[in-house]
Amino acid sequence: MTTKKKVLLIDDDRDFLMATKLILEKSGYAVFTAENGKSGVDMIKSVSPDLAIVDMMMETWGEGFDVVAEVRSMDRGKDMPLIILSGVDLQGPYQSFEPSEEFPKVDMILHKPVKADDLIQHVKELLG
């Protein structure tokens, strides 16, 4: 029996977490959730997910970026696929989002709301 791939959702919107968890579980993933950046980083340490989906804006404007920076600084997070979600239109400086010291590399930036089929497709692509 193959082990289910683990996906971690980090978002302060409980409704989004629950709906997305159901969608991903129906597609065969083991899903873990965190309602803020700190608990998300703790979950990465304890659960070692195969992929994390991080909301850009939680309690603060850039909390998602802080999470990404912290994940990328960890051994287990260096190469983990990361998806950033944004409820704001990523025009201007974020349209040409370039990894840097301040904004480490993410694998994909998706705009909320994300269609279920699209999200599953992106997760499948990143997990191989």
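The residue that is nearest to residue 107 (Cα to Cα), among those in the range 13-63 that are touching a Gly at 6+ places or on another chain (Cβ under 9 Å) and among the acidic types (Asp, Glu), is 55.
Would the range 70-79 turn up any residue that is at pLDDT 90 or above and closer than 24 Å to residue 27 by Cα? Checking the range 70-79: at least one residue is at pLDDT 90 or above and closer than 24 Å to residue 27 by Cα. The number of residues in the range 47-73 that are more than 20 Å from residue 113 (Cα to Cα) and more than 9 Å from the chain's Cα centre (by Cα) comes to 11.
Of the residues making up the range 15-59, those that are of a type in the set (Phe, Trp, Tyr) and either farther than 16 Å from residue 87 by Cβ or at pLDDT 95 or above (or both) number 2.
Answer with yes or no whether residue 125 is outside any loop (DSSP other than H, G, I, E, B), of a type in the set (D, E, K, R) and at pLDDT 80 or above. If you could, list the steps in order and put the result at the bottom.
Working: outside any loop (DSSP other than H, G, I, E, B): yes; of a type in the set (D, E, K, R): yes; at pLDDT 80 or above: yes.
Yes: the conditions hold for residue 125.
In the set (1) at pLDDT below 60; (2) surrounded by fewer than 10 Cβ atoms within 10 Å (Cβ to Cβ), the condition left unmet by residue 103 is number (2). Consider residue 71 carefully, then state whether it is assigned to a helix (DSSP H, G or I), at negative phi and not basic (Lys, Arg). The answer is yes for residue 71. When the residues of the range 44-68 are filtered to those that are part of a loop (DSSP other than H, G, I, E, B), hydrophobic (A, V, I, L, M, F, W, C) and touching a residue at least 12 places away in the same chain (Cβ under 8 Å), the one that is nearest to residue 126 (Cα to Cα) is 56. Looking only at the range 19-39, decide whether some residue is under 13 Å from the mean Cα position of the chain (by Cα) and in contact (Cβ under 8 Å) with a residue 40 or more places away in the chain. There is at least one residue in the range 19-39 that is under 13 Å from the mean Cα position of the chain (by Cα) and in contact (Cβ under 8 Å) with a residue 40 or more places away in the chain. The condition of being assigned to a helix (DSSP H, G or I) and either surrounded by fewer than 19 Cβ atoms within 10 Å (Cβ to Cβ) or touching a Cys at 6+ places or on another chain (Cβ under 6 Å) (or both) holds for residue 23.
The values are calculated or read from the model by the stated rules, or taken from the named source; none is laboratory data. Because the structure is predicted, anything quoted here is derived from the model rather than measured. Reconstructed Cβ throughout: ideal geometry from the backbone, glycine too, with neighbour counts over all protein chains shown.
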